[in-house]
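Inspection log for the structure reproduced underneath, given as C-alpha cells.
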Amino acid sequence: MTSRSELETKLEKIDSEFAEIIRRIPKRDPQEPTPFWLHFEMIERYKVLREANIEKGMNILEVGSGAHAITTTVLAYLVGDRGRVVAVDIGRWRFVNEILAQAGLKHRVFPLAHDATSLPLQYECFNLAVVIHGVRSFRNETTITKILKEMLRVSPRIFVAESLPIAKTKAQKAHLEMYNLREEIFQARSGQKDDIHYLPLDKLTELVEKAGGEVTDSRMMEIDQPHFLACVPRGLVEKIEDEEIREDLLQRWEAAYTKLQQHGEEHLPVGIVKAKRRPA
Ligand SMILES: C[S@@+](CC[C@H](N)C(=O)[O-])C[C@H]1O[C@@H](n2cnc3c(N)ncnc32)[C@H](O)[C@@H]1O
C-alpha cells in the first residue's frame, strides 16, 4: 500500500485543495520500503481533524507537534491564510521547516520549542488546542494531565486524538504487537519510558476531566488505512546492554516483525475527546 498510484486513490477521495498540498511533498527516502508513509499519515490526521470543527482564521495551539510536521501541515491548511498554528514540541524539529516549506504553509506556523507542561504564555490566546497522536509520548498520566491542564489554560476548547489499544484484524494485531514493544525497548535503552502503551478511550476521557475539561464528545473512529510507524529498527534492540532483556526483546521483536510482514500494518481505531474548560 505504498505506491504513487495507491496514494492517488486515497487522494481522490479527499478535498482536492488539500490533496494538491500533499502532492507537493516529495516522497521520503526512496530506499525506504514505504516512501509515501508521511503522505498516508497526513491523510489520517486530516480525517481525524475534520472532527475538530476548525474554521478558517482560527488560532490553534498544537502540542507535541513532532519531527515531521504531520498534524502541523494539516492544521496550517485548515486555518487558511488568516489563521495561525503555534506548534509546541519539547525537542523534535528535524524535518519541520523542510516539510512545511514543501507544502507551502510555513508562513502559517509559529514553532515553539518548549516543555508543554508549562507554556510561556500568560493568557488565553487560542481558539482551540489540539494534541494528535502525542499523548503516547508524554510518558505517564501525571505529565499527560499537566499538559492537558496547560492546554485548557490557554484555550477554551481542546481536541485530543490518540490510537486506541483495539485490534480486530490481523494487520491491526500486528501493529499493536510491534508497537507495544516500544515502551520496553526505550526503557531498556535510556531508562525512560517513551511511546507508552495506547490508553483506552475511558482513560483518555478521565484524564481530560481530571485536567479541568468538561467533555462534550468522546468516541472512537475507524481509520481504514495502512499505518507504518510501529516498527522499531532491529538495530536499536540489538544495542540493549542487559543481555537477558535484549534476548527476550529480540525474540518478541522477531515474532512481531514476522506478523507485520505476513499481514501488513493497519491503523488502529482512533479515540477522540473534545472538551471545553470547566467553569471555575
Ligand atoms: C508521537 S510524536 C508527534 C506526533 C505528531 N503530533 C503527529 O501527528 O504525528 C509526540 C511528540 O511529543 C513531544 N513531547 C513529548 N513530551 C513533551 C512535552 N512535555 N512537551 C512538549 N512536547 C513533548 C515529543 O518530542 C514528540 O515529538
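Here are E162, E184: which of them is within 11 Å of the ligand (Cβ to nearest atom) and among the acidic types (D, E)? Break it down into steps so the answer makes sense when it comes.
On the way: E184 fails: within 11 Å of the ligand (Cβ to nearest atom).
Criteria check complete, one pass: E162.
Give the residues of region 108-141 that are part of a helix (DSSP H, G or I) and within 11 Å of the ligand (Cβ to nearest atom), sorted by residue number.
V135, R136, S137 - these are the residues of region 108-141 that are part of a helix (DSSP H, G or I) and within 11 Å of the ligand (Cβ to nearest atom).
For residues that are at pLDDT below 90 and under 20 Å from the mean Cα position of the chain (by Cα), scanning just region 11-35, find the one that is nearest to F228 (Cα to Cα).
Within region 11-35, the match that is nearest to F228 (Cα to Cα) is T34.
List the pairs whose first member sits in region 51-73 and is in the same structural domain as L148 (by TED's automatic domain parsing) and among the charged types (D, E, K, R), whose second member is part of a helix (DSSP H, G or I) and more than 9 Å from the ligand (Cβ to nearest atom), and whose Cβ atoms are under 9 Å apart, counting only residues at least 6 apart or on separate chains?
E55/L78; E55/V79; K56/L78; K56/V79; E62/L75
Looking for whichever is in contact with a Cys (Cβ under 8 Å, 6 or more places away or on another chain) and more than 14 Å from the ligand (Cβ to nearest atom) here; the options are N59, N97, N53. Which one fits? Walk me through it before giving the result.
Working: N97 fails: in contact with a Cys (Cβ under 8 Å, 6 or more places away or on another chain); N53 fails: in contact with a Cys (Cβ under 8 Å, 6 or more places away or on another chain).
After applying the criteria, what remains is N59.
Counting only residues that are of a type in the set (D, E, K, R) and not in a loop (DSSP other than H, G, I, E, B), which one in region 63-90 is farthest from the ligand (Cβ to nearest atom)?
Going through region 63-90, the residues of a type in the set (D, E, K, R) turn out to be 81-82, 84, 89.
Cutting the leftovers down to not in a loop (DSSP other than H, G, I, E, B) gives us 84, 89.
Values: R84: 17, D89: 5 Å.
Across region 63-90, the extreme among qualifying residues is R84.
Among (1) out of contact with any Pro (no Cβ under 6 Å at 6 or more places or on another chain); (2) in the same structural domain as L49 (by TED's automatic domain parsing); (3) of a type outside the set (S, T, Y), which single condition is E222 missing?
All conditions pass for E222, except number (1).
Six or more apart or on different chains, Cβ under 6 Å: which pairs go from a residue in region 245-271 that's touching a residue at least 40 places away in the same chain (Cβ under 8 Å) to one that's hydroxyl-bearing (S, T, Y)? Could you list them?
E266/T169; L268/S163; V270/S163
Do you know which residues across region 77-124 are of a type in the set (S, T, N, Q) and either farther than 17 Å from F18 by Cα or in contact with a strand residue (DSSP E or B) (Cβ under 7 Å, 6 or more places away or on another chain) (or both)?
N97, T117, S118, Q122
Examine region 32-40 for a residue that is free of Cβ contacts under 8 Å to residues at least 24 places away in the same chain and either of a type in the set (F, W, Y) or near the ligand (Cβ under 10 Å from one of its atoms) (or both), and state whether such a residue exists.
Kept after step one, since they are free of Cβ contacts under 8 Å to residues at least 24 places away in the same chain, are these residues of region 32-40: 32.
Still in the running and either of a type in the set (F, W, Y) or near the ligand (Cβ under 10 Å from one of its atoms) (or both): none.
Scanning region 32-40, I find no residue that is free of Cβ contacts under 8 Å to residues at least 24 places away in the same chain and either of a type in the set (F, W, Y) or near the ligand (Cβ under 10 Å from one of its atoms) (or both), so the answer is no.
The values are calculated or read from the model by the stated rules, or taken from the named source; none is laboratory data. Computed from a predicted model, the values in this text were never measured in an experiment. Quick reminder, even Gly has a Cβ in these numbers, built from the backbone with ideal geometry, and neighbours come from all protein chains shown.
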